[in-house]
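K.L.:
This is the structure I want to talk about, given as structure tokens.
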Amino acid sequence: DIIDHLYNIKKYMYLLERVLDKNDRVAVTEIQKLKEYEETLLNKAISDNLFYDCQALTNITIPAGVTSIGSRAFISCSRLSCIHLPDGLKTIGESAFYYCNQLYTIDIPDGVTYIGSNVFASCRKLTDVTLPESVISIGDKAFYMCSALESIDIPTGVTTSRSEERRVGKECRS
């Protein structure tokens, strides 16, 4: 599955390099990010800051085999509206999807045990979150400023102090 995904990335990079103006800073940045993404997939992890402020990214399917998403991996991808996370994913790092303000739903797969601080903070259109029972740790303010999110069902096995539990979704609509 990762091999197929890498092949598609290579095809896309080839097309971008052929069609886009080399002086177009955004296009060059997108190609660089795709090359980094290709490298990170081989390590079965989305590295820290990989798609930081990637304005062209609107949706992504993380391929099977990836076990972790690094800190700030998709931070400020303001057009990202849809992301598909793979089975086998274990951890989602701090602020991984911070300020992805077009993201409206997230289905975290069974097997994820750790969700870092501020992971979905300021995802103002986020309305639906599914947390599996496998989650044992949710960082502080994971859903902070998710004003469209009405409620979060926190799995019974999550280990947080009572004050942390209240702050997980601080400022969610009630």
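K.L.:
State whether the residues of region 51-66 include one that is aliphatic (A, V, I, L, M), open to solvent by less than 30 Å² (accessible area, probe 1.4 Å) and modelled with pLDDT under 85.
P.N.:
Yes; the residues of region 51-66 include at least one that is aliphatic (A, V, I, L, M), open to solvent by less than 30 Å² (accessible area, probe 1.4 Å) and modelled with pLDDT under 85.
K.L.:
So which residues in region 119-150 are open to solvent by 80 Å² or more (accessible area, probe 1.4 Å) and at pLDDT below 90?
P.N.:
150
K.L.:
Would you be able to tell me the number of residues in region 80-109 that are open to solvent by 40 Å² or more (accessible area, probe 1.4 Å) and under 19 Å from residue 154 (Cβ atoms)?
P.N.:
5
K.L.:
With the structure loaded, tell me whether residue 158 is within 19 Å of residue 48 (Cβ to Cβ), in contact with a strand residue (DSSP E or B) (Cβ under 7 Å, 6 or more places away or on another chain) and assigned to a loop (DSSP other than H, G, I, E, B) or whether it fails that test.
P.N.:
It is false that residue 158 is within 19 Å of residue 48 (Cβ to Cβ), in contact with a strand residue (DSSP E or B) (Cβ under 7 Å, 6 or more places away or on another chain) and assigned to a loop (DSSP other than H, G, I, E, B).
K.L.:
What's the number of the condition residue 112 fails, among (1) buried (at least 20 other Cβ atoms within 10 Å of the Cβ); (2) hydrophobic (A, V, I, L, M, F, W, C); (3) at pLDDT below 95?
P.N.:
Here residue 112 clears every test but (3).
K.L.:
Given the condition more than 17 Å from residue 135 (Cα to Cα), modelled with pLDDT under 95, within 10 Å of the chain's Cα centre (by Cα) and outside any loop (DSSP other than H, G, I, E, B), answer yes or no: does some residue in region 87-106 qualify?
P.N.:
no
The values are calculated or read from the model by the stated rules, or taken from the named source; none is laboratory data. All figures in this text were calculated on a predicted structure; none of them were measured in a lab. A quick note on method: Cβ atoms are made from the backbone with ideal geometry, for glycine too, and the neighbour counts reach across all protein chains shown. Note: areas computed on protein heavy atoms with side chains; ligands, DNA, RNA excluded. Shrake-Rupley method; radii C 1.70, N 1.55, O 1.52, S 1.80 Å.
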